[in-house]
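Asker: Okay, handing you the structure first.
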Amino acid sequence: MKIAVIGAGSAGLAALRHCTSDTNNTQVICYEKTDQVGGTWVYREETGLDRYGLPIHTSMYKNLRTNLPKEVMGYPDYPVPDNPDSYLTRTQILEFLNSYCDHFNLRQYIQFLHNVELVEPSVGDRKWMIKVKDLKRNIILEESFDAVMICNGHYFEPSIPNLKGQQIFQGEQLHSHDYRVPDIFTDKTVVVLGAGPSGMDLALEISKKAKRIILSHHLKDPIGTVFPDNVVQKRDIKELTKHGVIFKDDTNESVDAIFYCTGYKYSFPFLSEKCGVRVDSNMVTPLWKHLISIENPTLALIGLPFYVCAFSMFDLQVRFVLRYWSGKKDFPPKADMLKEEAQELESRKKEGLEKKHFHMMGFKQDRYYDDLANTAGITPLPPVLTKLHNESSLLFLDDLVHYREKRYKIIDDYNFIQL
């Protein structure tokens, strides 16, 4: 079986590791549009377009530290090495991904500076045709595959809300995708829009340089964490004016910059419509288990769920997919897969979630992991991962300033201790 892997970030590396293991008799080629492994963990100072005219993929900023402890950030068969800290820098995570890549001898399968331009099913032979551009030689190549794993991440296509007055506001407007260092906000009054993980972290980071930060969000209750004195919380933005902002509580402020920490959109610019996968209100559909194209089951999208133990989940998803592609398990009927997706969407709506939250796992991530393991008959992820992830997430909300000082140790599959 010949498999294409798109992207050599943390998901693509997990795909390569299992596609090339002795148990899976496969031929695999990984296409990576940049010159190194690591995906979003690769820091680049430049923003906008790269030297080949392609959008810069990474959203990494210079001072990032992980918002999850390293104890839940490794792969099941390759944990992050011991280190006095639990919360690591971006550099340490990138070093870890490179060591994983080299430990399993994966570089030989990666074609760097190869940008996938088109993926579509071939007519008649149930294969996949991939058009890829060799950026260095500036030529287009075509290759045929039996199956495709898409591992292109989902932190590169900014989601920016439509705000009234966006065109007339004369200050700066920046999305976190293009943020690198806090100095750009020195002595400015900044509205940080969004109180997800990046909005909270970046409000804290730029507060060291900015004059005043207004953290604008639509959470019903104020965030419990104690922010520095120059950070205040406000409701959502109603509209922008020439030099300021009117909020939904009808207060207004003069501001110098709007900093959009409003997340990202799933984007697969290379996927032909014939692939049978679309993005609808930021739900990727129709998919079985958030993972397999129901229209074309030899197409898998690794890594869509968020608020998860990412690297371990990628590993689990890849193992799941290979059980079916190798013929060890058979896919259920198409109607059953569609019904399962529809039922999950309905139950999420009953919980008050919108379609854009379909791939959000969070505190219920263990149910997803167990379902994948039980359905495919593969080794599950240890429950301790979800337990520690959930503890860290709560501390993030309660004590943003200090929670990264905590240190953990996993004792067994079910228990961890705080050191």
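The values are calculated or read from the model by the stated rules, or taken from the named source; none is laboratory data. The shown structure was predicted, so the numbers you read here are calculated from the model rather than taken from an experiment. All Cβ positions, glycine included, derive from the backbone under ideal geometry; neighbour counts span all protein chains shown. Surface accessibility is based on the protein's heavy atoms, side chains included, excluding ligands, DNA and RNA. Shrake-Rupley method; radii C 1.70, N 1.55, O 1.52, S 1.80 Å.
Asker: Pairs please, first residue from region 369-381 and loosely packed, with under 15 Cβ neighbours inside 10 Å, second anywhere and hydrophobic (A, V, I, L, M, F, W, C), Cβ atoms under 8 Å, 6+ apart in sequence or on different chains.
Answerer: Going by the 8 Å Cβ cut-off, the qualifying pairs are 379/373.
Asker: Still on this structure, I have one more. What's the number of the condition residue 141 fails, among (1) outside any loop (DSSP other than H, G, I, E, B); (2) assigned by the TED database to the domain that holds residue 321; (3) open to solvent by less than 40 Å² (accessible area, probe 1.4 Å)?
Answerer: It is condition (3) that residue 141 fails.
Asker: When region 181-214 is examined, which residues are found to be open to solvent by 40 Å² or more (accessible area, probe 1.4 Å) and assigned to a strand (DSSP E or B)? Steps first, please.
Answerer: As a first pass, look at region 181-214 and keep what is open to solvent by 40 Å² or more (accessible area, probe 1.4 Å): 181, 183-184, 186-188, 197-198, 208-209, 211-212.
212, the sole residue that qualifies.
Asker: Let me ask you something else. When you check residue 250 against the structure, is it under 26 Å from the mean Cα position of the chain (by Cα) and either under 30 Å from residue 126 (Cα atoms) or of a type in the set (Asp, Glu) (or both), yes or no? Can you show your working first?
Answerer: On the way: under 26 Å from the mean Cα position of the chain (by Cα): no; either under 30 Å from residue 126 (Cα atoms) or of a type in the set (Asp, Glu) (or both): yes.
The answer is no for residue 250.
Asker: When you scan region 164-180, do you find a residue that is within 26 Å of the chain's Cα centre (by Cα), of a type in the set (Asp, Glu), open to solvent by 10 Å² or more (accessible area, probe 1.4 Å) and modelled with pLDDT of 95 or more, even just one? Steps first, please.
Answerer: Residues of region 164-180 within 26 Å of the chain's Cα centre (by Cα): 173-180.
In the following step, the residues that additionally are of a type in the set (Asp, Glu) were identified as 178.
Narrowing further to those that are open to solvent by 10 Å² or more (accessible area, probe 1.4 Å): 178.
Cutting the leftovers down to modelled with pLDDT of 95 or more gives us 178.
Scanning region 164-180 turns up at least one residue that is within 26 Å of the chain's Cα centre (by Cα), of a type in the set (Asp, Glu), open to solvent by 10 Å² or more (accessible area, probe 1.4 Å) and modelled with pLDDT of 95 or more.
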